[in-house]
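The block underneath contains the structure these notes are about, expressed in C-alpha cells.
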Amino acid sequence: MDASEEPLPPVIYTMENKPIVTCAGDQNLFTSVYPTLSQQLPREPMEWRRSYGRAPKMIHLESNFVQFKEELLPKEGNKALLTFPFLHIYWTECCDTEVYKATVKDDLTKWQNVLKAHSSVDWLIVIVENDAKKKNKTNILPRTSIVDKIRNDFCNKQSDRCVVLSDPLKDSSRTQESWNAFLTKLRTLLLMSFTKNLGKFEDDMRTLREKRTEPGWSFCEYFMVQEELAFVFEMLQQFEDALVQYDELDALFSQYVVNFGAGDGANWLTFFCQPVKSWNGLILRKPIDMEKRESIQRREATLLDLRSYLFSRQCTLLLFLQRPWEVAQRALELLHNCVQELKLLEVSVPPGALDCWVFLSCLEVLQRIEGCCDRAQIDSNIAHTVGLWSYATEKLKSLGYLCGLVSEKGPNSEDLNRTVDLLAGLGAERPETANTAQSPYKKLKEALSSVEAFEKHYLDLSHATIEMYTSIGRIRSAKFVGKDLAEFYMRKKAPQKAEIYLQGALKNYLAEGWALPITHTRKQLAECQKHLGQIENYLQTSSLLASDHHLTEEERKHFCQEILDFASQPSDNPGHKIVLPMQSFAQLRDLHFDPSNAVVHVGGVLCIEITMYSQMPVPVHVEQIVVNVHFSIEKNNYRKTAEWLTKHKTSNGIINFPPETAPFPVSQNSLPALELYEMFERSPSDNSLNTTGIICRNVHMLLRRQESSSSLEMPSGVALEEGAHVLRCSHVTLEPGANQITFRTQAKEPGTYTLRQLCASVGSVWFVLPHIYPIVQYDVYSQEPQLHVEPLADSLLAGIPQKVKFTVTTGHYTIKNGDSLQLSNAEAMLILCQAESRAMVYSNTREQSSDAALRIQSSDKVTSISLPVAPAYHVIEFELEVLSLPSAPALGGESDMLGMAEPHRKHKDKQKTGHCMVTTDHKVSIDCPWSIYSTVIALTFSVPFRTTHALLSSGTRKYVQVCVQNLSELDFQLSDSYLVDTSDSTDLQLVPLNTQSQQPIYSKQSVFFVWELKWTEEPPPSLHCRFSVGFSPASEEQLSISLKPYTYEFKVENFFTLYNVKAEIFPPSGMEYCRTGSLCSLEVLITRLSDLLEVDKDEALTESDEHFSTKLMYEVVDNSSNWAVCGKSCGVISMPVAARATHRVHMEVMPLFAGYLPLPDVRLFKYLPHHSAHSSQLDADSWIENDSLSVDKHGDDQPDSSSLKSRGSVHSACSSEHKGLPMPRLQALPAGQVFNSSSGTQVLVIPSQDDHVLEVSVT
Amino acid sequence: MAVCIAVIAKENYPLYIRSTPTENELKFHYMVHTSLDVVDEKISAMGKALVDQRELYLGLLYPTEDYKVYGYVTNSKVKFVMVVDSSNTALRDNEIRSMFRKLHNSYTDVMCNPFYNPGDRIQSRWALLPVSASSPVQVGPTSCVRSSPGGPYSCVRSSPAGPLITW
C-alpha cells in the first residue's frame, strides 16, 4: 500500500463514512449552497441499477463534500475505494463573459486537465444563477451564453455535465424546480459513478481472485481488496451487499482449508498454520477491530485472528441488519468450524487453549447480543442462544477437568502450570471491556483461579443452560446437561446432588425406551446410590444392571455379585428384608398345573410347575421360593361345586405369562391389544344358556392411569403379602435362563386359591413379583357321596324293559367291601337282574380306573346291589333294567276317554308332543351305605299308547271301535287283541271284525279294532268292556321275559237306538230343484223304533191311559250357514213311547248358496220337566257343554268355534228363562239312542236365475 | 459416510440405531436422543404448513464440534436421524437429502416385509445401512431368519464378499 508514500487524510472506519465528492471552483458559493445540498441530497431515494443482473435497489445518497485537491485523485493501482472521489463538481456563479474568459475558463481547463490526467470522467459543472447579481450588472450577456460557452468549451457531447442552479437560496418555485433538477442530476451522476467505478473495481477484484492458483497470490491481499468493496457497500448502507463480500471471503477461505485438508495445499495457507499462541476470543464490541485487520494486512494473522476478524465484521453487519439471532447461529457454526479447521490444518494448539477461545467467544457473542436486544426479545429467542450457552458450559467443564478444578483434592502443580499457561494465552484484557464487571475475560480468569470459583461459575452456567432448555421444551437436552452436572457432582463427592439429575435423565430415557442411555445412566445411578448408602435402591439398580444385556458379562457379574455379597452379609437385624421387584431378577414364563384342570379334591395332591427365567448372569442359590396364595370360599356359587368344577373346568393347565417388556416400554400411547373372550354361562340344571357376553381380560391394563405407567423404575411399594397359605420350594439354584420349579401341595380346605405373589429370597434380599397376571387359580372341593339314578333314554316306557343308569359319586366316602345299595321294591316295578351287568369305576376326572361285576340279590321286598370297592372321589356307574308293570286299570267311564287309573299329564310332555303320554311314577327307596337316610328316587314311566273307543251305529246295528294310538318313538308289534264283556251277559255277543292277529303299530300311528255287538234279547242299558292287546317292541329280538298285555276298560251305555231321525228337503212346488233364495220345505221325520225300555224311565216319561209318551225337543241347526231356517227352528213334541210312532215336522228353509248342500242338522233332546234337584246342578253352560260333547260323538266334523257360539246364542235365549223361573231342562239324548238316517245326504241347489253375483270365498 | 443412522418411532423410541465405530455407540445414542428435541421443535413448527407442501427433510438439527446431526421425518412421523462427521466436508445438503431418501426407501422396504410388525425394533443389522454407502453396494440374496424359535423374523442381506459398507 502506498500509505507511507503520500500523506492521505486518515480514513476513519466508522459509520460516518460517505462517498467523497470534491468541490472545485468558487468555494464561497459552495459553502453557501452546502447546507441545503447536504440536507436535500439524501431526502429522495434513487434507483440504483446494478450490473451482473443484481436486483436494482433504492438508495438514499449522502456525500462527503471535500475541497478538490489533486492528491485526492487515486493513482493507478490504488485499490482504496473509501477514499475514492466518486464525483468532482466545479461550482461557479459567473455570469459575465469577461470574467469567464478571464478566470473561470482557465480554472475550469486546469481542473479538467487534472481530472483527465487521472482519467476521471465523473465530473459536473454547476452554474449558479443569481437574479440579484444579474440586476446589478446590466451589461451581462444573457445567461445562456455563459452556459452555452461552458458547454461548448468543456462538455463536448456531454451537455448534461453542466447544470444551472437558479437562485438556490431563494424560496420560490423556480428555485425549487431548479434544485430538484440539480439534485436528480447529481444523484444520477453519483450512481453512474458508483456503477462504473465499483464495476471496474469488482472486475479488478475478480481478476485478482482468478489468479489465486498462481504462486505468490496472497489471500490477505485479496481480503483487503474485497473488504474495500464491503466498506463501500457499508458506506452506502448496503449492509446486505457488504455482508455478501465477507461471506464470499469466508467461503473462499473455508474452501481453501477444505482443499488443504484434501491435500491440495496453497502456500499462503501455511501462514495460518502457525501454532496458536493467543486465544483471547472474539471481539465484537468495535465495528472494526483494527488490530486484527492490521495483522491481516501485515499477513501475520493466525487462523483464529482471521476468523475472529471476519466474524466480527459479519456480526457488525448482521446487527445493522437487525438479525442478532443469526449472529448466535453463525457464531456456533463458526466456533465448531474453527475447531475443525484447526484440526484439519494440524495446527498445534496447547491443550485447553481452544476451550478458552470458544468459551470466551460464546460469552462475547451472548453479551454482544444482549447488549443490543431487550430482555423480552432475548427471552423469546432462547432457542437461538441456548446452543452457545450449552457450548460454553461444555467448554468450561472441560477446562475445569483439564485444570484439575473438578477433582476432590484440587489442582496439583501440573494443573496449576497448565492454568498459568492458559491464562497467559489470554493476554491482557481489552480496554473496551476492562470496565465491564462481567466480561468474558474476567469470568474465565476467575473461574480458573480457584476450585470454588470454578464451581460457582460452572454451576451458574449449567443451571442457566438447563433452565433455558427446559423453558423452551428441550427436555432431552436439559437432561443431558443435567447428566454432566451429575457427573461433576459425583466427582465432587456430592452424590446426593447428583442423584436427582440422574433420576431425571433415567426417567426420560425409560419413558422413551432408549436402551443404551438407560444402561449407562443406571450404571452412574448405581454408583451414586452406593455412595449414598441407599442399599435398597442400589440393590434394585444392581439387579436391573445384572440383567441388562447391554453390559458386558463382567459388569453384569459384578452387579450380580454385589447383590449376592449383600445377601450373604450377616444382618444385624435378622428379620429385616430388602424387598426388590422380581422382574429384573427373574421372569415368570409359564405355569403348569397337575391335574391340568387345576381342580383337586380335599386331600388330593396338586402340583404346580413354574418356569422361571433367571436374568442373572450366574447361577443364584435361592433359599426359598414362595408363592403367596389367597384363599377364598365362595359358598352358594354353583361354579364352585364339585360337579361344575369337575365337568366344566377343563383346560390344558398351562398358563403363559406375557414376557415383560420392561426394557423397551414402548410408548404410553400404544396400549396392549384388547383381549376379548366369549363367555357363556349355562344353567346348572339343564345346561341351557343363561347368559352370554364378551369379557375383556386385560381391562386393568387398558384402563389404568397413564401416569402410573411412566413410573417404571420406582419400586412403588412392593408390599410383601403375608398370607396363611403359601406354596414353598426351598433351596433352589436358579441357573441363568429357564428353570423349572415344582410346588407340591396337599389340598386342605375346599375353596378357591388364587396365586398372588411370587417371592424368591436370597439371604435378606427378597425378590417379589407383586402380582401374578394373568390370574392363576386352583380350586379345592369336597363332595358329599351321592347317588343319581336316571333313565338312559329320554323317557322310560311302561310295559317293556328299560335301562336306568345308576351313578354313585363317592365324594369323601370310600366304598368298602360289602357296601351295597338296598332298593325297596316297588310293587309295579320290577328290577330285572341280569347276570352280566358290570359297574365302571372312574376317578372324578373321568379317568377309568376299574370295572367290576355287579352282584344283585333280590328278595321279596328288597333288591340289594353290592357296590364294587372304590376310593374316595370316584364315580361308580352301572346300568339296570327295570320294567314297569301296567297298573291295575280302573273302570273307564264313557266320558272318560283315557283308560288309566292315575292319569296325569306332565306339563313338559305336553310341550314336546301334541298328544301326551300318560305317565306313572314309581318311587323307589334306596338305602345307601354312607347315609342312615333312605334316598327316594322317583322314576316316571310313560304308557306308550293312548286308547279311545267309539260306538258306531247303523240303524239298530251297533259296533264298538277301539283305536290304539302309539305315542312313543318306538314301533311295536300288536298281537292277540281281545274285547270281552266283563259283565258276562250271555245274550250279548262281541263279534270281532279284525282279520289279523299280529299287527305292527308304528311310532305316532294308530290302529283301529272293531267289534259288532249282537244281542238276542233286550240289550242291557250299559256294557262293560275290557280291551286287551299284547305288545312288544317291534325291533327287538326275543325278550327274555314275557310281557303283560296292554288293557283298556271302558263302558258303553245306552247303545240301543230309540229314535230314527230323517230329514228331507223338497223344492218349492212346481220346481224341479231348489234354488238359492227361494223357500224350500224341510220335512223332519222322527220315528220311535222300540217300545218302552228300561232306559226310557225318566222324568220326561208321562203315562196316560197305558200309553206312555215322552217329551222331545228338536232343533234344526245349520252349522255351515248354508241354510236359513225360516220361522221356528225348534220345537217340543210329545212322542208316544211305542214302536213305529212317528212325528213329522215341517219347516221352511232357504238355501243361501248353490251347489250340493248338506242338510241342516236336526238334533233331538229330552225335554225334562223342572226338577229342583237338577236345576241347581245343571245350568245353561254345562248343558251346552254336554251338548257339544254329544255332537262330537257323532263323528261329525268338529264344530268350529263360531258355530259353537252361534249355537250358544240360540240357547241363551231359552236359557235366560231358566234363571228366574223353574224351567224345564234339556238333556241330550245319548248318541247311541238316536240314529240320523239322513246324515250325509245332500240336496242340489241351483243358483237363481237373476243372481248374477257369484260369490267366491276363499279361506 | 454417515457415522450413525437412527430410525425413531413416532413415540420417540428407537426402531433402529446403528453407528460406526461401534465403540462410541453410547455417545451417538445420547446425541440422537438429544437431537429429538430439535426434531420435535421443527415438526411442531412445520405442523402449520399444508401437508402436501411439507418438506420431509428437516435439515441440520444439532451441530456439535465433531458431528453434524441431520433430521428427516416421514409423513407417519417416523424420524430419521443421521450423524455425519463434521470433518467430512464432501457431504453437502444435497448429499444428505439423497441419503435420507435412500434411507426412506429402505425403511419402506422393511415395512413391506410381511414378517415385520410396524413398531417393532428393526432387528436386521444391515437392513438400512446400504443407504449410507456412497456407491451402490452389491448385496447378496435376502434371507429371512428367525433369531429364536418363535421370535420375530428378520431379513438379512448377506454380502457376497467383503464388508458390506464402506464408511
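What residue, of B:Val73, B:Val78, B:Val69, is crowded, with 16+ Cβ neighbours inside 10 Å, closer than 27 Å to A:Trp357 by Cα and at pLDDT 85 or above?
B:Val69
Are any of the residues in region A:328-338 within 14 Å of chain B (Cβ to nearest Cβ), free of Cβ contacts under 8 Å to residues at least 24 places away in the same chain and either over 25 Å from A:Asp241 (Cα atoms) or surrounded by 19 or more Cβ atoms within 10 Å (Cβ to Cβ) (or both)? The answer is yes; a qualifying residue exists. Can you name the residue in region B:10-25 that is within 11 Å of chain A (Cβ to nearest Cβ) and in contact with an Asp or Glu (Cβ under 9 Å, 6 or more places away or on another chain) and, of all such residues, is nearest to B:Pro118 (Cα to Cα)? The residue in question is B:Leu15. Scanning region A:390-420 for residues that are of a type in the set (Asp, Glu) and touching a residue at least 24 places away in the same chain (Cβ under 8 Å) yields a total of 2.
Yes/no matrix, rows are residues, columns are (1) away from every other protein chain (no Cβ under 14 Å); (2) in contact with a Ser or Thr (Cβ under 6 Å, 6 or more places away or on another chain); (3) at negative phi:
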{"site": "A:Ala383", "(1), (2), (3)": "no, no, yes"}
{"site": "A:Ser390", "(1), (2), (3)": "no, yes, yes"}
{"site": "A:Leu396", "(1), (2), (3)": "yes, no, yes"}
{"site": "A:Gly400", "(1), (2), (3)": "yes, no, yes"}
{"site": "A:Glu414", "(1), (2), (3)": "yes, no, yes"}
{"site": "A:Asp460", "(1), (2), (3)": "yes, no, yes"}
{"site": "A:Ser477", "(1), (2), (3)": "no, yes, yes"}
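Tallying residues that are under 24 Å from B:Arg121 (Cβ atoms) and either modelled with pLDDT of 60 or more or more than 14 Å from chain B (Cβ to nearest Cβ) (or both) within region A:666-682 yields 4. Residue pairs whose Cβ atoms lie under 7 Å apart, separated by 6 or more positions or on different chains, with the first residue in region A:173-188 and free of Cβ contacts under 8 Å to residues at least 60 places away in the same chain and more than 15 Å from A:Pro35 (Cα to Cα) and the second hydrophobic (A, V, I, L, M, F, W, C) and loosely packed, with under 13 Cβ neighbours inside 10 Å, do not occur.
Consider A:Ile466 carefully, then state whether it is surrounded by 19 or more Cβ atoms within 10 Å (Cβ to Cβ) and assigned to a helix (DSSP H, G or I). Yes: the conditions hold for A:Ile466. Only residues that are out of contact with any Leu (no Cβ under 7 Å at 6 or more places or on another chain) and in contact (Cβ under 8 Å) with a residue 24 or more places away in the chain were counted across region A:199-208, and they come to 2. Looking at region A:720-785, the strands (runs of 3 or more DSSP E) lying wholly inside it that each contain 3 or more residues that are in contact (Cβ under 8 Å) with a residue 12 or more places away in the chain and of a type in the set (Ser, Thr, Tyr) sit at A:751-762. Only helices (runs of 4 or more DSSP H) whose full extent lies in region A:346-462 are considered here, and the ones with at least 1 residues that are crowded, with 19+ Cβ neighbours inside 10 Å are A:353-372, A:382-402, A:413-426, A:440-447. Summed over region A:491-546, the residues that are farther than 30 Å from A:Leu402 by Cβ, more than 14 Å from every other protein chain (Cβ to nearest Cβ) and in a helix (DSSP H, G or I) give a count of 12.
Which of the residues that make up region A:894-950 are within 23 Å of A:Val1029 (Cα to Cα), modelled with pLDDT under 50 and of a type outside the set (A, V, I, L, M)? The answer is A:Glu894, A:Ser895, A:Asp896, A:Gly899, A:Glu902, A:Pro903, A:His904. Where strands (runs of 3 or more DSSP E) sit wholly within region A:567-665, those with at least 3 residues that are surrounded by 14 or more Cβ atoms within 10 Å (Cβ to Cβ) and either away from chain B (no Cβ under 14 Å) or at pLDDT 85 or above (or both) occupy A:578-581, A:586-594, A:599-601, A:605-614, A:620-632. With respect to A:Arg206, is the statement that it is part of a helix (DSSP H, G or I) and modelled with pLDDT under 85 true? Answer is no for this residue.
Going by the conditions given, is A:Glu291 among the acidic types (Asp, Glu), surrounded by fewer than 23 Cβ atoms within 10 Å (Cβ to Cβ) and farther than 17 Å from A:Thr393 by Cα? For A:Glu291, the condition - among the acidic types (Asp, Glu), surrounded by fewer than 23 Cβ atoms within 10 Å (Cβ to Cβ) and farther than 17 Å from A:Thr393 by Cα - is met. Considering region A:815-836, the residues that are in contact with a strand residue (DSSP E or B) (Cβ under 6 Å, 6 or more places away or on another chain) and within 17 Å of A:Lys805 (Cβ to Cβ) include one that is surrounded by the fewest Cβ atoms within 10 Å (Cβ to Cβ), namely A:Cys833. Of the strands (runs of 3 or more DSSP E) that lie entirely inside region A:55-132, those containing 3 or more residues that are in contact (Cβ under 8 Å) with a residue 24 or more places away in the chain span A:64-67, A:85-92, A:123-129. In this structure, A:His549 does not satisfy being crowded, with 19+ Cβ neighbours inside 10 Å, free of Cβ contacts under 8 Å to residues at least 12 places away in the same chain and out of contact with any strand residue (DSSP E or B) (no Cβ under 8 Å at 6 or more places or on another chain).
The values are calculated or read from the model by the stated rules, or taken from the named source; none is laboratory data. None of these values were measured; they are calculated from a predicted model. Heads up, the Cβs are rebuilt from the backbone with ideal geometry, glycines too, and the neighbour counts pull from every protein chain shown.
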